[in-house]
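Novice: Handing you a structure now.
The values are calculated or read from the model by the stated rules, or taken from the named source; none is laboratory data. Keep in mind it's a predicted model, so treat the numbers as computed, not measured. When we count neighbours, we look across all protein chains shown, and the Cβ atoms used for this are built from the backbone with ideal geometry, even at glycine. For accessibility, only protein heavy atoms count, side chains too; no ligands or nucleic acids. Shrake-Rupley method; radii C 1.70, N 1.55, O 1.52, S 1.80 Å.
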Amino acid sequence: MEQKKNRFFGIPNRYFVLAFIVLGYFAARAFPPILPHIQLPAERVSHDPLFTLPVIGDFYWTNTLWAMLLVDVILIIIALVVRRAASGGSLVPSGFSGAVEALLEVIYNLTESTSGKWAKSILPFFVTITLIIVATPGVDSIGVLEESDHGYAVQEVLPGVATIIKEEVEHGGYSLVPYVRVLSTDLNFTVGLALISVVMTQVLGVRSLGGKYFTKFINVGGLFSRPVFGVIDFGVGLLELVSEISKILSFSFRLFGNIFAGS
């Protein structure tokens, strides 16, 4: 009975999977896709600025802002679905709600193992950042072709589907600007996450330790009682201060670099 379920027209399903992989390889060789236009700033969707700020300047709507709007809608829908399942009276959620609960349980256990009794205070920030990063959409191969000085010569295979017919050309080529770009490829987004993470770390540190928390950075208690080790402790505190500030850079560029390179 089990063998019949794993067969289609008497042929094992694994052979169909293998056939599709081989066909996909030759199809990609015959009709190479249009490569996205690689650039560091997010592509502008609006040609005219939405508004202008005195110091920042013009503000344009970008394809990463579309991704931010979509991920907000996705998370709101997920929250409503889970809320509806929880209000149904069942103590054991199933299906999609059960999968969300399993993910939240893993995140909570990880948070509790590192922060103990402060897990409930840290969890909302941890879960929010995780869900935003996991749920953010982005399709770099679907967009609009725009003329570019350094682009590709293309042809239309099917209505709305184009392929490369020639390598990159210097004049008269086209480049693909995605409709929705992965949110984490926008440095503004990763810097925002880094600032929230570092600032809330200091806030929670003060809440748990009070004023003693700042002795982590400026430790002068042992300068006179034990001068040698006091100077070492003072220097270590300054290094901790530099390290805490540098986390903003490391948090920002680590996620950005990983996703941007892969995208």
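Novice: Is segment 205-227 home to any residue that is in a helix (DSSP H, G or I) and modelled with pLDDT under 80?
Specialist: First, pick out the residues of segment 205-227 that are in a helix (DSSP H, G or I): 205-216, 227.
Add one more test, that the residue is modelled with pLDDT under 80, and what stays is 227.
Yes, there is a match, as at least one residue in segment 205-227 is in a helix (DSSP H, G or I) and modelled with pLDDT under 80.
Novice: Right, something else. Quick check on I133: is it out of contact with any strand residue (DSSP E or B) (no Cβ under 8 Å at 6 or more places or on another chain), part of a helix (DSSP H, G or I) and under 25 Å from R44 (Cβ atoms)? Show your work before the answer.
Specialist: Working: out of contact with any strand residue (DSSP E or B) (no Cβ under 8 Å at 6 or more places or on another chain): yes; part of a helix (DSSP H, G or I): yes; under 25 Å from R44 (Cβ atoms): yes.
So I133 fits the description; yes.
Novice: Name the residues in segment 203-213 that are open to solvent by 40 Å² or more (accessible area, probe 1.4 Å) and either of a type in the set (G, A, S) or touching a helix residue (DSSP H, G or I) at 6+ places or on another chain (Cβ under 8 Å) (or both), would you?
Specialist: Result: V206, R207, S208, G211.
Novice: For segment 18-51, which residues satisfy the criterion of being modelled with pLDDT of 85 or more, assigned to a helix (DSSP H, G or I) and open to solvent by 50 Å² or more (accessible area, probe 1.4 Å)?
Specialist: Across segment 18-51, the qualifying residues are L18, F20, I21, V22, L23, Y25, F26.
Novice: Further question: Could you check segment 52-98 and list, in sequence order, the residues that are under 23 Å from P137 (Cβ atoms), part of a loop (DSSP other than H, G, I, E, B) and open to solvent by 60 Å² or more (accessible area, probe 1.4 Å)?
Specialist: W61
Novice: Confirm whether G237 is assigned to a helix (DSSP H, G or I) and without any contact (Cβ under 8 Å) to a residue 12 or more places away in the chain.
Specialist: The answer is no for G237.
Novice: Would a scan of segment 173-187 turn up a residue that is in a strand (DSSP E or B) and open to solvent by 40 Å² or more (accessible area, probe 1.4 Å)?
Specialist: Among the residues of segment 173-187, at least one is in a strand (DSSP E or B) and open to solvent by 40 Å² or more (accessible area, probe 1.4 Å), which makes the answer yes.
Novice: Look at segment 228-258 and say how many of its residues are within 30 Å of L193 (Cβ to Cβ) and open to solvent by 60 Å² or more (accessible area, probe 1.4 Å).
Specialist: Residues that pass the stated criteria total 13.
Novice: Just give me the residues in segment 85-102 being in contact (Cβ under 8 Å) with a residue 12 or more places away in the chain and under 17 Å from V134 (Cβ atoms), in sequence order.
Specialist: F96, S97, V100, E101
Novice: Which one is nearest to T111 (Cα to Cα), of the residues in segment 136-162 that are among the aliphatic types (A, V, I, L, M) and in a loop (DSSP other than H, G, I, E, B)?
Specialist: So, considering only residues that are among the aliphatic types (A, V, I, L, M) and in a loop (DSSP other than H, G, I, E, B), the one nearest to T111 (Cα to Cα) is V139.
Novice: Please verify whether S225 is out of contact with any Gly (no Cβ under 9 Å at 6 or more places or on another chain) and open to solvent by less than 50 Å² (accessible area, probe 1.4 Å), treating the condition exactly as stated. Don't jump to the end; show me each part of the working.
Specialist: Values: out of contact with any Gly (no Cβ under 9 Å at 6 or more places or on another chain): yes; open to solvent by less than 50 Å² (accessible area, probe 1.4 Å): no.
No; evaluated as a whole, the condition is false for this residue.
Novice: Still on this structure, I have one more. Of the residues A194, A162, A135, A153, which single one is over 26 Å from F256 (Cβ atoms) and open to solvent by less than 30 Å² (accessible area, probe 1.4 Å)?
Specialist: When all the criteria are applied, what remains is A153.
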